[in-house]
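What follows is a single structure, written as structure tokens, with notes after it.
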Amino acid sequence: MTYTPAIRELIKQVEVTRDSRLGKDFPRMTPQEKQEVLKNHHPDYIENQFRQVKLGPNKGDRFPHELCDVLEAYPRYEYNSFHADQVDRKVDVLIIGGGGAGAAAALLAHEQGASVLIATKLRFGDANTVMAQGGIQAASKPEDSPAIHYLDVLGGGHYYNIPELVKALVTDAPKVMQWLEDLGCMFDKLDDGTLQTIHGGGTSRKRMHSARDYSGAEIMRTLRDEVLCRDIDVCEFSAAVELLLDEKGRAAGAVMYNMETDQYEVVQAKTVILATGGLGRLHIQDFPTSNHYGATADGLVMAYRVGAKLVFMDTIQYHPTGVSYPEQVAGFLVTEKVRSLGATPVNIDGEQFVYHLETRDVATSAIIRECTRGKGVISPSGSLGVWLDSPLIERIHGEGTIARELPAMFRQFTRFSVDMRKDPILIYPTLHYQNGGVLIRDNGETSVENLYVAGEASGGVHGRNRLMGNSLMDILVFGRRAGLSAAEKAASIKDFAPRLSIEHAKNFAEELESLGEVKTFTSPILLPFKHRLNPNLKQEHRK
Amino acid sequence: MTDLNTLEDNKSSLLERETVEVYIMGKKYTMPNSLTVMKGFEYAGYTLLRGCGCRAGFCGACATVYRVGKNHELKVGLACQTKVEQEMYLTQIPFYPHHRVSYHLEELRPTEDQVVEIYPEINKCLGCNSCTNVCPQDLKVMKYIAHAIRGEVSMVADESFDCLMCGLCASKCPANIVQYKVAILCRRLHSKYLVKKAEHLKRLSGRLESGEFNALLDELMQADKTTLAAKYNQRDIE
């Protein structure tokens, strides 16, 4: 029994009001009300949670403190110990990051005949890619088209998206689906081969393709298998800690750090692809996150130091229904389907306070508002949340609905002794996605020559808000494009004998010194700060 | 915001939770019983490097072995999905090694003996069912290996679908079978050769290549925000 007697007392309040709430839709917010709750409670609007970054290509731009902290930190690698003539490995294309984007880039670069090295700080395939459950977007049906997909993406991103990138996304998408089919990816199909598709938030056509509720995992394990079968060099537990430039300021390699032996290695490469993912594990504004252990913004930090510009880094996607309790799965996503089936958010007094199908940003803001009003619930593990009244689902659709329609969710809660058929569950918004990233062109290239970025680390394609199912497609489209371009570029470079330089890190550190910055920690941080994972540690990294 | 303080005050009464004594690599720690094995390590001050991934039961990086009290049985599970218990003896195992097998899917055929040809050791299955017993996803691992031996590729694909490739099955196998690698080979064979291709996808790609959508896309790319918003708000929804 995970719910304590004290919590059981609180649940009674939800049970008392359940009958009166049944069958009554809570009124939707007016546009003004939405604006108000967003402005006052959405994390992106809390001015004092942002500051202007002090140096670098985005100097003066407003970023979350936690991102500024790692961007404005001193380099982890002791640049004075760098010797330009000590090169440990030479490859054509160096790929940093072992998720879906990195794997896709490796396959395409390898096909071009390039020598490829994938360096990844954890296990190959340990990435947010495996956690994407819902699906992957692509226009594939006769009633759909890349143009309709384009308009959906733009509307979702509030029209801030970079057109060239969206065009690349929607026109490559069908090709990518065919590629995955050829690689033996097990998509949900009808007997005649028709791909099954459903709607996702903000889609005007049913173009969400899935592999049961393991869509990302299925894509990742297939790509990983193919990379391993092709004998592409993969170096695990080796984090890149600094990019290297040549005498003309072009990317030409990286310093790798063996996280277990504490040794550094210099890799020289004709082109470099960063596919390092996002920043979820920086726990912006102390939010829990649905993100993977490795999402610590390393790629942003390294790209930033060599002068690549970031875009849309002031907007973060928070999913309204992350698990608040049980502690074992805190931050983990409660799929939107739970609300689609009729479960509603309820406060400590058993009152509903927001229409259950408001958009993600509005629902998130309303839940936060309810908690700051003191109407939240403190869970047995000390976390804050509101109820999501899941037993309503069984009342509305009949007994057995939850086990049938939400098997993964049901298994997850049952594992930790919460019966979501009988008792409500505790939820709180969770940090889900970094909408922006390093600015790229449609071939993955950045403003730094020979440096490419793909996947969540890159920015522009999703504008200020990403739609569900577009990130799985994004990592493959731009992973492939970056892999192809980086290999072609590498092939065009003859007589490659760069004078490797780490001066940019030195200059960066000197600028920090001149700004009077104190050295508290170094970046990239590689693993989440300990105090973020362990609430017993009251460390403070904020400057 | 004052109400937050009230909540803080209430916290202590709600937080009357039990603690357990857990041994990590032989050393005793007292910790709340509400933790997972993974969070237990972190609570005790360890920083996980190997043996930690998505932390949500999807990636299979955190296979763990443990014993409880005087029970001789060596238990296994995913560290992010297993709760700490009184007198648990813990250690994290690194990623379980597998032998390197290279094949070119293009050159394979989904014939009866294709899987055995690549993984001949599956014929040595002793039928001990250890693999099934340890699977954190409750897959019938031994059963799908039996299908693999008989060349029933699609059955393996279906039975093994929820596999996280954590490697616990292989760690227990007395016949040295690497079950999860057999499984992915079958899923790929099944998906590439034994199900029909999506014809609608091929057709749409053809239309794309013929340039059918270029004019429409160009128009959208040139459009200003107001025009786009108008189009977006008027779009028909399937």
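Brief remarks follow.
- Descending principal axes extents, the stretch B:18-92, alpha-carbon based, whole Å: 31, 25, 20
- Here the Gaussian network model covers chain B, with springs between Cα atoms less than 10 Å apart; of B:L228, B:L204, B:L105, B:L228 fluctuates the most.
- Ranking A:A109, A:G299, B:Y46 by Cα position along the charge dipole of the protein assembly as shown, where only Lys, Arg, Asp and Glu carry charges on their C-beta atoms, puts B:Y46 farthest toward the positive end.
- Cβ-based charge dipole, the stretch B:18-92, positive-most Cα from B:Q86, B:M31, B:A56: B:A56
- Among A:S471, A:S210, a tally of other beta-carbon atoms within 10 Å of each Cβ gives an order, fewest to most, of A:S210, A:S471.
- Average Cα contact separation per residue, chain A, under 8 Å, 6 or more apart, as relative contact order %: 25 percent
- Packing-based ranking, highest mean first, of B:136-142, A:30-36, A:447-453 given that Cβ atoms within 10 Å are counted: A:447-453, B:136-142, A:30-36
- Bridges between two residues of chain A, per DSSP, are antiparallel at a rate of about 65%.
- GNM on chain B, alpha-carbon springs under 10 angstrom: the most fluctuating residue among B:Y193, B:Y46, B:Y103 is B:Y103.
- For the stretch B:70-117, the set of trypsin sites (Lys or Arg not before Pro) satisfying both a DSSP loop assignment and a count of at most 12 other C-beta atoms within 10 Å is given as B:K70, B:R100.
- Average partner coverage of B:215-224, which counts Cβ from other chains inside 10 Å: 4
- Normalising by residue count, chain B has a Cα convex hull of 248 Å³ per residue.
- Taken over the Cα atoms of chain A, the convex hull encloses 153 Å³ per residue.
- Low-density loop positions, trypsin sites (Lys or Arg not before Pro), the stretch A:348-378 - DSSP coil, at most 16 other Cβ in 10 Å: A:R373
- A simple charge model with +1 on the Cβ of Lys and Arg, -1 on the Cβ of Asp and Glu and nothing else charged puts the dipole of the protein assembly as shown at about 760 debye relative to its Cα centre.
- Selection among A:G193, A:N128, A:G331 by position relative to the dipole of the protein assembly as shown gives A:G331 as farthest towards the positive end (Cβ unit charges, Cα centre).
- With the simple model of a label 7 Å out from the Cα in the direction of the Cβ, A:R415 to A:L357 spans 3.0 nm.
- Restricting the stretch A:356-439 to GluC sites (Glu not before Pro) in coil, as DSSP defines it, with at most 13 other Cβ within 10 Å: A:E399
- When restricted to Cα atoms, the stretch A:250-293 yields an Rg and a Dmax of 14.9, 39 Å, respectively.
- Dipole in debye (nearest 20) - the stretch B:18-92, about Cα centre, beta carbon charges: Lys, Arg +1; Asp, Glu -1: 180 debye
- Cβ-based exposure ranking for A:R224, A:R499, in which fewest neighbours within 10 Å come first: A:R499, A:R224
- The ratio of the alpha-carbon radius of gyration of the stretch A:320-474 to the globular-protein estimate 2.2 N^0.38 Å is 1.23.
- With a simple spin-label model that places each label point 7 Å from the Cα along the Cα-to-Cβ direction, the separation between B:S102 and B:Q222 comes to 5.1 nm.
- Relative contact order (%) - criterion: Cα under 8 Å, at least six apart; region: the stretch B:105-194: 36 percent
- Gyration tensor (alpha-carbon) shape descriptor, the stretch A:16-99, a/c threshold 1.5: prolate
- Pair A:L190, A:E511: separation of 7 Å Cα→Cβ label points (nm): 5.7 nm
- Cross-link reach is defined here as a Cα-Cα straight distance under 26 Å, omitting same-chain residues fewer than 8 places apart; for A:K24 the lysines meeting it are A:K12, A:K34, A:K337, A:K375, A:K422.
- Placing +1 on each Lys and Arg Cβ and -1 on each Asp and Glu Cβ, with no other charges, gives the stretch B:105-194 a dipole about its Cα centre of roughly 180 debye.
- B:T111-A:R212 FRET efficiency (beta carbon distance; Förster radius 30 Å; 0.05 resolution): 0.65
- Too-long pairs where the Cα-Cα distance tops 20 Å, listed order kept, from B:K28/B:K83; A:K121/B:K181; A:K39/A:K59; A:K39/A:K530; B:K28/B:K70; A:K489/B:K202: A:K121/B:K181; A:K39/A:K59; A:K39/A:K530; A:K489/B:K202
- For the options B:E152, B:E212, B:E199, a Gaussian network treatment of chain B with springs between C-alpha atoms closer than 10 Å singles out B:E212 as fluctuating the most.
Any read-out appearing in this document is the output of simple, stated calculations on the displayed coordinates, not a laboratory observation. These figures come from a predicted structure and were not determined experimentally. Because the Cβ atoms are built from the backbone with ideal geometry, glycine has one as well, and the counts that use them run over all protein chains shown.
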